[in-house]
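One structure below.
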Amino acid sequence: MKRLLIAPVLASVVLGALAVPAFSQEEDGIFPFETRTFELDNGLKAYLVDAGAPGMLAYVSVVRTGARDEVEEGVTGFAHFFEHMMFRGTEKYPNYDGVTESFGAARNANTSQDRTFYYLVAGSEYLEQIVDLEADRFQNLSYEETEFRTEAGAVLGEYQNSAASSFSVLDRAVRERIFTAHTYRHQTIGFEADVRVMPEQYDYSRSFFERFYRPENVVLMVVGDFDFDNAEALIREHYSGWEPGYETPAVPTEPEQTEPREGAVTYQGGTLPLLTINYMAPAWNPTDRIAVATELLGGLAFGQNSDIYRKLVVEERRLQFLQGGFALSRDADFVQILCMVAEPDDVAAVKEELLAEVERFKTELVDAQKLADTKSAARYGFLMRLETPLGVANSVSRVIVNTGTLDPINDYYRTLETITPEDLREAARQVLAANGRTTVTLTQAES
Amino acid sequence: MTTRRRLPLGIAILLTALTVAYVPAPEESIPGTVTLREEGSPFVAFNIWVKAGSQNDPEGKEGLASLAANLLSDGGTQQHTYQEIVAKLYPMATGYGVSVDKEMTNFRGTVHTDNLEGFYDLLRNALLSPAFGESDFERVKAQTMNFLERGRRYNRDEELSKELLYWMAYQGTPYEHPEEGYVESVRSITLDDVRSFYERYYTRDAIVVGVGGGYPEGFVERVRTDFDARPEGTASNVPAPQPAAPDGLKVLIVEKQTDASAISFGFPTSLVRGGDEFYAMKLVNSWMGEHRSSFSNLYQVIREKRGMNYGNYSYIEAFPRGYTTQNRPVNAMRRSNLFEVWIRPISLTEPGNLHTRTLFATRAAMRELLVLVENGLAEDQIERTQGFLHDFSLNYGSTGSRRLAFAIDDEFYGLEGDDAYLAAIRPELAKLDKAGVDNAIRSHLGAQGMYMVFITADAEAFRDLLLSGETTPITYAGNQPPEILAEDEEISTFPIPVRPEDITIMDISEVFETGR
């Protein structure tokens, strides 16, 4: 999966290469759980989901702001940094950690390019306290500059946890070659130089909170074993006073790529060569057949069950691994074929084989059984993630992130079921076009 | 509005099952099985436990148990090629994988009840009729060699520092080598080695069949009968390791080009799950350094107040690959454990201060340990941690697969009924009092010696700084309150009494190259 590369910040999010169908209010929806939806006057939406899990619940706040929204110079990584500050307390609850400790909650948050995801998993008896605590911090977060500066040090430490890995180095190189304007140019953790000056950005952090942590930009999900009426009453009571005021950031549009790009980067540690072929792809869209077919194509054409995987990884053993990560994002983003080459001299030949395979999908039609198996994998992949309340929330969060609601998921699922071999071929022709291609290799530096 | 929706034909029945709370169904236990039937669950979890692990690796073939298990998990069978297996698993959106620890090898997989038969056929064949194909072997071995030669050394210093800590503490015992082996030992492994390891250790009495979830009546009997086809075993038990308590501090410094230091330290204890004072020390450890929890003491001191790194935790049981998970690992049970402190990478904040900061963080953690041993825990600290764990431990068994794995782990230690881990945590914690807790602290954490691993740049300069005993003060990006600055004085001068002959320096390129 492409998102493997940004794992440092994406602790637990589920954005698989395969499509994730989910929930809607319609009769033929795939989402299996009893659900209630409501929206407050200030624009806050809430989804209450009865997902079994006796005595437990997951309380999730999705903020539709991520690294994508870091449009100003010098503040890359800020959405993620701000996620850390959200644990620094309020006047009412100065010790957020201590309060959640008293619930025995498993709680954390993670940030990706398109959103920030906060969760607590705890016993259902704590619902009232959790609503109070969470509503309070999203409205009344309060921290001193000293705490802010201290926390910036923790973010630098987090950067260092994984920044030195070859995959992280490659991901930075790929983004910088693909994007010239759009904020997907930087990793969620941010550029190192920006991370190092974070302690100076206290004033900016306050404006970040004022502009983005607003009810119109946040969606709540409560999943598990609890009383809907009680939960709705609590949410209305604690969140209705939250004033709207979201300011849409001016995320730059990426100019259309007009010719193939090539790049190479060296790595100071020991590594076999990494080769990645990337293509600019459209934004996620539940009713666009090309967009949905593209997501299926990644696993089908370059995943573990693909013809080229069998040839290069299993039979000829020229690759250590191969994967196709074709999950789409809120804005137009790249999709990625990634492999590790066993012999450094073989990189050019492997690249030709992969490009030939890309061309083959533009001319030949995919086997009907393979397409059916891919749809089955999407369906069961979705079901298999619904075992826990947090798994349910993670499984559907992508739809919320991309659209602000859960409703389009049925459209997405219907589209997916009707994808034909011709759609896949058309997706390959449109998306895997040479002019939108960026190839980057990472090799070990000469010592 | 509240709706309960109808579903597309074909998946309606399985999905509605999800809305029902699963009912654990007691059943007659069959010898050689661990079962956790949950009627109504749409999933079936498998956990095939082979009672062998890296402790069974022959000398010079370290890594064999791991390589053998990975070949079974990622290779073909007499019935199907590897690629045919992949194709059959693909529409089920599942698979099986394996974990190999010192003493345990566990093949795990979860499948939707729809696909139970097809999945079980593949899993059974993988374990009972492996093909041992040359091509599969070469592929899996090449992937392992790449991990040993490059991935382990260059991708995650913090995980490597922990593996090195275990390597230091268990010298001369079957726990000494990392489960994946050394570069040279794995290079020497042949397909015949794998075959003979399989024949020797994958025997019917050494295999416990674990099945959980919504499987049909009679299913477990069938699975057990299948596995009874394996011959009886002749392998003798490996005695539990008796690691020596270190005499003073033993330090390993690994030289690597880096802007951040990885730090691990610890020492052997006599603690095992369910044994004497285990729950008292579980409480103590949770207060001191609960994994990924921000309210624990080490985290508060080093990260929350000082912003030095991403997190700081402690452990009384092995916790492999902790960076990948918030929840505690399963199937890594051992008869000997370390008390272990993991200080996540400490970065330089300006050129030249990497070593000062590295030592400051180490001193801070060592000082907290000393304070804990001297003072014990206060009543309110005990009460708070009891309350936390009472609720937090509900998260341990969040999925059917995890509940089953915990049951397997109970079987490892012979814990049954009320003594089973997930059942015992709450009542055992409730029994604890200050005297018992403080006793446990003194008897398990009072060691004078410990092992320490640092992965950092310019190892010789770091060694010199360590030996000099110099103070290692740090500075902050912001103003700190006087009480923090006063405490910093004590931390920055906290003694680390180490002798020159107890410090070893190693280059990253030599790490785990060979056994000795």
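The values are calculated or read from the model by the stated rules, or taken from the named source; none is laboratory data. Nothing here was measured: the structure is a model prediction, and the numbers come from that model. So basically every Cβ, Gly included, is an ideal-geometry build from the backbone, and we count neighbours across all protein chains shown.
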Report task. Quick one: count up the residues across region A:112-132 that are more than 14 Å from every other protein chain (Cβ to nearest Cβ) and under 17 Å from A:Val62 (Cβ atoms). Result -> 6
Query raised in the report: So, of the residues in region B:184-206 that are outside any helix (DSSP H, G or I) and either out of contact with any Gly (no Cβ under 8 Å at 6 or more places or on another chain) or at pLDDT below 95 (or both), which turns out to be nearest to B:Glu134 (Cα to Cα)?
Result: B:Thr190
Requested in this report: State whether the residues of region A:68-86 include one that is in contact (Cβ under 8 Å) with a residue 60 or more places away in the chain, among the polar types (S, T, N, Q) and not assigned by TED's automatic domain parsing to the domain that holds A:Val401.
Outcome: yes
Query raised in the report: Are there any pairs with C-beta distances below 9 angstrom linking a residue in region B:246-261 that is away from chain A (no Cβ under 14 Å) to a residue that is acidic (Asp, Glu), with the two at least 6 apart or on different chains, and if so which?
Result: B:Pro246/B:Asp502; B:Asp247/B:Asp502; B:Gly248/B:Asp502; B:Leu249/B:Asp502; B:Lys250/B:Asp502; B:Val251/B:Asp502; B:Ile253/B:Glu460
Query raised in the report: Out of curiosity, is B:Asp276 farther than 12 Å from B:Ile441 by Cα, of a type in the set (D, E, K, R) and away from every other protein chain (no Cβ under 14 Å)?
Result: yes
Requested in this report: With the checklist (1) in contact (Cβ under 8 Å) with a residue 40 or more places away in the chain; (2) not β-branched (Val, Ile, Thr); (3) not in a loop (DSSP other than H, G, I, E, B) in hand, flag the one item A:Asp229 doesn't pass.
Outcome: (1)
Query raised in the report: So which residues in region B:479-492 are surrounded by 14 or more Cβ atoms within 10 Å (Cβ to Cβ) and farther than 16 Å from B:Gln300 by Cα?
Result: B:Ser492
**Report entry** Check on A:Glu158, under 22 Å from the mean Cα position of the chain (by Cα) and facing chain B (nearest Cβ under 10 Å)
**Finding:** yes
Query raised in the report: Which one of the conditions (1) at pLDDT below 90; (2) in contact with a strand residue (DSSP E or B) (Cβ under 8 Å, 6 or more places away or on another chain); (3) buried (at least 24 other Cβ atoms within 10 Å of the Cβ) does A:Leu57 fail to meet, given that it meets all the rest?
Result: (1)
Report task. Name the residue, out of B:Tyr154, B:Tyr175, that is modelled with pLDDT under 95, buried (at least 18 other Cβ atoms within 10 Å of the Cβ) and closer than 30 Å to B:Val453 by Cα. Result -> B:Tyr154
Query raised in the report: If we only count helices (runs of 4 or more DSSP H) wholly inside region B:3-89, which ones have 1 or more residues that are at pLDDT 95 or above?
Result: B:64-73, B:82-89
Query raised in the report: If you take just the helices (runs of 4 or more DSSP H) that sit entirely in region A:334-432, which of them hold at least 3 residues that are within 14 Å of another protein chain (Cβ to nearest Cβ) and not polar (S, T, N, Q)?
Result: A:368-384, A:389-403, A:409-418
Query - Qualifying residues in region A:315-333 (those that are in a loop (DSSP other than H, G, I, E, B) and more than 14 Å from chain B (Cβ to nearest Cβ)) - the one farthest from A:Thr116 (Cα to Cα) - result: A:Phe326
Requested in this report: Quickly run through region A:268-289 and pick out the residues that are crowded, with 19+ Cβ neighbours inside 10 Å and among the aliphatic types (A, V, I, L, M).
Outcome: A:Leu272, A:Leu274, A:Leu275, A:Ile277, A:Met280, A:Ala281
Report summary line: Exactly one of B:Gly109, B:Gly181, B:Gly172 is of a type in the set (Gly, Ala, Ser), closer than 13 Å to B:Ala65 by Cα, in the same structural domain as B:Ile85 (by TED's automatic domain parsing) and not in a helix (DSSP H, G or I), and that one is B:Gly181
Query raised in the report: Does B:Ala486 satisfy being farther than 28 Å from B:Phe360 by Cβ and either assigned by TED's automatic domain parsing to the domain that holds B:Glu255 or β-branched (Val, Ile, Thr) (or both)?
Result: no
Report task. Identify the residue in region B:133-166 that is more than 7 Å from chain A (Cβ to nearest Cβ) and aromatic (Phe, Trp, Tyr) and, among all such residues, is nearest to B:Pro268 (Cα to Cα). Result -> B:Tyr166
Query raised in the report: In region A:254-284, what residues are among the polar types (S, T, N, Q) and either within 14 Å of chain B (Cβ to nearest Cβ) or assigned to a strand (DSSP E or B) (or both)?
Result: A:Thr266, A:Gln268, A:Thr271, A:Thr276, A:Asn278
Query - Those residues of region B:90-121 which are buried (at least 22 other Cβ atoms within 10 Å of the Cβ), within 24 Å of B:Tyr201 (Cβ to Cβ) and within 12 Å of another protein chain (Cβ to nearest Cβ), in sequence order - result: B:Gly109
Query raised in the report: What are the residues in region B:440-460 that are surrounded by fewer than 14 Cβ atoms within 10 Å (Cβ to Cβ) and part of a helix (DSSP H, G or I), if any?
Result: B:Arg442, B:Glu460
